[in-house]
1. Out of segment A:20-64, which residues are touching a residue at least 40 places away in the same chain (Cβ under 8 Å) and among the hydrophobic types (A, V, I, L, M, F, W, C)?
2. I need the full set of residues from segment D:84-110 which are of a type in the set (Asp, Glu) and at pLDDT below 95, in order please.
3. For segment C:52-73, check the following and say yes or no: at least one residue is closer than 25 Å to D:Ala64 by Cβ and either within 14 Å of chain B (Cβ to nearest Cβ) or crowded, with 22+ Cβ neighbours inside 10 Å (or both).
4. What number goes with the only condition from (1) within 13 Å of chain C (Cβ to nearest Cβ); (2) surrounded by 18 or more Cβ atoms within 10 Å (Cβ to Cβ); (3) more than 28 Å from C:Leu49 (Cα to Cα) that B:Ala34 does not pass?
5. For B:Leu93, are the conditions met, namely being more than 14 Å from chain C (Cβ to nearest Cβ) and touching a Leu at 6+ places or on another chain (Cβ under 6 Å)?
6. Quick check: anything in segment B:83-103 within 16 Å of A:Ala95 (Cβ to Cβ) and out of contact with any Asp or Glu (no Cβ under 7 Å at 6 or more places or on another chain)?
7. Could you check D:Tyr77 against (1) closer than 30 Å to C:Thr50 by Cβ; (2) open to solvent by less than 30 Å² (accessible area, probe 1.4 Å) and say which number it fails?
8. All but one of (1) more than 8 Å from every other protein chain (Cβ to nearest Cβ); (2) open to solvent by less than 40 Å² (accessible area, probe 1.4 Å) hold for A:Leu85; state the number of the condition that does not hold.
Protein chains: 4
Amino acid sequence: MAEHDVAGLQRRLAEFAAARDWEQYHTPKNLAAALSVEASELVEIFQWLTPEESARVMADPDSAHRVRDEVADVLAYLLQFCEVLGIDALAALAAKIDRNERRFPAAESPREKP
Amino acid sequence: MAEHDVAGLQRRLAEFAAARDWEQYHTPKNLAAALSVEASELVEIFQWLTPEESARVMADPDSAHRVRDEVADVLAYLLQFCEVLGIDALAALAAKIDRNERRFPAAESPREKP
Amino acid sequence: MAEHDVAGLQRRLAEFAAARDWEQYHTPKNLAAALSVEASELVEIFQWLTPEESARVMADPDSAHRVRDEVADVLAYLLQFCEVLGIDALAALAAKIDRNERRFPAAESPREKP
Amino acid sequence: MAEHDVAGLQRRLAEFAAARDWEQYHTPKNLAAALSVEASELVEIFQWLTPEESARVMADPDSAHRVRDEVADVLAYLLQFCEVLGIDALAALAAKIDRNERRFPAAESPREKP
């Protein structure tokens, strides 16, 4: 992971879009929709699998490639969304984990997921 | 962004789930569904906005907070999904950008987004 | 079901939106997004359930109400989407079933769902 | 619409699945996921369109066909979901419209969509 950093990938994505004149499409509204479409394409891979089959999805090279490809698409739109709105995704997640640690103290948390 | 790295956040998320005995819920199938649910909560913020209104969403502190919060949720489930399947999300995205640069050469790319 | 017909519900939805001056929000693009947001709210109810738990969801009155409520929201946006685009949803489905019966003959269909 | 009724379509969908031994896949959880995947395929058609372009989507025969096809898929999974859980979708929607008419009286409703 050391070789790829979020800021560098975000820059490559921005240059890619600019070189193709695609920035006009990249409103926050459209990028959020595209993100959700890609997340659904990830769901589609798993939709008829049992929980056990879903855990073995990387054992088959074709489905492993498909999963990695959809992960890339989700991350691409998430980073582009953050780019156009000036959001630091990693800082947002760190702040959220801080809040959740206060909100759901480990000792008291129900074992049933809320 | 320097202070927060993907690997560190992934570790915190794994510890958070383990301390609450939530790993049993974290099948790849469930995490993909949760990711798409969070992506839709991001879409919901924008669903009735015009493209122009969507571009100003960070100007209002409440909606800015809500957007950051949903970004954090999407990234949290994406990283947990990658963790359980052993996927390096940043490497997957770097590989995808490489493929897209070959597939859609800038000079020949249609200005209309495919 | 005899008392409620699709055309009547579609008319009530159209009148409801018109009386509140909400037609301005109901572009096909926005209604498709709203439909997908409601579908995800249905998914959310099931996201951490096992397949077996998911089959018993109507046994609890609260979750039964929540499920019916989300079904209503999905159908509401589907019918409003069809209304603004002049699509007959039932005819579209009938035509699709006809096509699928030709495309996947029962005798030859793989038992594994495509 | 007179020729196609919801109950009849629901029966055809059930027979179609039974003849292919696909009922095993049709847990409520899986059908909700499939519904959201199809709703996202509808969103995908509109994701880069302006609101104005989205209103003209039926003018092109190819995209009109694609839209009708996705509407059929959404409705198919919604009806199959309702079938396995014994939900009357039209009654659920009628009850929801009743509730919404009480909750958002036309005269007092904000013109801004909540």
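The values are calculated or read from the model by the stated rules, or taken from the named source; none is laboratory data. These numbers come from a predicted model, not from an experiment. All Cβ positions, even for glycine, are placed from backbone atoms using ideal geometry, and neighbour counts span all protein chains on display. Heads up: the accessible areas ignore ligands, DNA and RNA and are worked out on the full protein's heavy atoms, side chains in. Shrake-Rupley method; radii C 1.70, N 1.55, O 1.52, S 1.80 Å.
1. If the condition is that a residue be touching a residue at least 40 places away in the same chain (Cβ under 8 Å) and among the hydrophobic types (A, V, I, L, M, F, W, C), then A:Leu31, A:Ala32, A:Ala34, A:Leu35 are the ones that fit.
2. D:Glu101, D:Glu108
3. Checking segment C:52-73: not a single residue is closer than 25 Å to D:Ala64 by Cβ and either within 14 Å of chain B (Cβ to nearest Cβ) or crowded, with 22+ Cβ neighbours inside 10 Å (or both).
4. Of the numbered conditions (1) within 13 Å of chain C (Cβ to nearest Cβ); (2) surrounded by 18 or more Cβ atoms within 10 Å (Cβ to Cβ); (3) more than 28 Å from C:Leu49 (Cα to Cα), the odd one out for B:Ala34 is (3).
5. Details: more than 14 Å from chain C (Cβ to nearest Cβ): yes; touching a Leu at 6+ places or on another chain (Cβ under 6 Å): yes.
Taking the combined requirement at face value, the residue satisfies it.
6. No, segment B:83-103 contains no residue that is within 16 Å of A:Ala95 (Cβ to Cβ) and out of contact with any Asp or Glu (no Cβ under 7 Å at 6 or more places or on another chain).
7. (2)
8. So A:Leu85 meets the others, but not (1).
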